[in-house]
1. Quick query: amide H of T249 versus all other amide H atoms, modeled in the peptide plane; which residues come in under 5 Å with a sequence gap of 5 or more or a different chain?
2. To the nearest 20 debye, what charge dipole does the stretch 100-285 have about its Cα centre, counting +1 at the Cβ of each Lys and Arg and -1 at the Cβ of each Asp and Glu?
3. Under the Karplus relation 6.51 cos²θ - 1.76 cosθ + 1.60, θ = phi - 60°, what is the ordered set of whole-Hz ³J(HN,Hα) values for the stretch 29-35, x standing for Gly and Pro?
4. Going by the alpha-carbon gyration tensor, a ≥ b ≥ c the square roots of its eigenvalues, is the stretch 222-273 rounded (a/c under 1.5) or, if a/c is not under 1.5, prolate (a/b greater than b/c) versus oblate?
5. Amide H neighbours of H194 under 5 Å, at least 5 residues apart or on other chains, H built in the peptide plane: list them.
6. Sum -39500 (n - 2.57) across every DSSP H segment of at least 4 residues in the chain, then divide by the residue count to get the 222 nm mean residue ellipticity, nearest 500.
7. Using square roots of five times the C-alpha gyration tensor eigenvalues, list the equivalent-ellipsoid semi-axes of the stretch 92-137 in whole Å, biggest first.
8. Residue by residue, what Karplus-based ³J(HN,Hα) values in Hz, rounded to whole numbers, does the stretch 155-172 have, using 6.51, -1.76 and 1.60 with θ = phi - 60° and x for Gly and Pro?
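Here, each number is a calculation from the coordinates, and none is a lab measurement. Values in this document were obtained by computation on a predicted structure and should not be read as measured data. When we count neighbours, we look across all protein chains shown, and the Cβ atoms used for this are built from the backbone with ideal geometry, even at glycine.
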Amino acid sequence: MKEGSVMDRLREGLVRALMLSGLGFLWLCTRLPFRVQVAAGRGLGRLAYAVYPYRKDVALTNLRLCFPQLPEKEREALVRRHFESMGIGLYEVGMAWWAPDRRFKGLARVEGIEHLRRLREEGRGALLLTAHFTTLEIIGRLVNTEHRFSCLYRKPNDPTVAESMTRSRERQMERIIHFDDMVGLIRALKAGDHVWYAPDQGKLFKYTALLPFFGEPAVTNTATSRIAKMAGAAIVPFFGRREEDGTYTVTIYPPLEGIPGESPEADAREINKLLESFIRTAPDQYFWLHKRFKNRGPDHPDPYAAKT
């Protein structure tokens, strides 16, 4: 056996062992009082802020583009709070994946669940429209305890994490649908499924356009209203945020009217505006570490060019 392949196997084994250890530790942490987990997550976020300056720069670049009116000191303070929110979000992932339902009693106020129940009584499918917040996993679990739904998913690059995520979602969700499986998604919606859907990250594929996001051109998913139209499904926005007292508020809105509308691009513009309104409500809880304004073509210089 070649020396290189032996070393590769050793590295893979070490990475897997480390990931299993980390996931095991996270599983153990779900046994702690939730307030202790929140405090630990906040501390972890502060540590990450100190040791990952390049990600801090990505977040600052995003905030300069999206909130140009904010003084730089306020943006820097917002990034610090965002890292704390990311740290808390890691512990929330553990709770969402492994904690029993009884741990969530009294933890959230879920408003507007009647909109989903009415659609289910009608047998109508729905895209549950949200965005990538640091609270995404736990908000999904909180809604799921009141109204079971399906989800789109993308496997993480690490196979150990992917396995844990897939197992937890298969256990909790009606069904899980890979984000590339558009036929499966439309079939599920036509069957009356309600599917968790977050189209806000700028992945290039067939149905994208360069559209304003906080007034800045960004690669934008234009498939949302196309999917709803093909499946005869409603688009139901929902938004959840972490409150200062450690509880959560989740608001489920009535199905969007006028979408699908005159064109998928016009619909996507309106959806971007809606997501912006959610983000403004809890800006530190949005996922600012993602390079939202990349891949915009030669007419728009890469704002992250110096941030690898």
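1. Answer set, sorted by chain and number: R109, R241, E243.
2. 560
3. In residue order, the calculated couplings are 5, 5, 7, 7, x, 5, 5 Hz.
4. prolate
5. HN-HN under 5 Å from H194: A126, S150.
6. -17000 deg cm²/dmol
7. On the way: eigenvalues 115, 43, 22 Å².
Square roots of five times the eigenvalues give 24, 15, 11 Å.
8. Coupling constants for the stretch 155-172: 5, x, 5, 6, x, 5, 5, 4, 5, 5, 5, 4, 4, 5, 6, 4, 6, 9 Hz.
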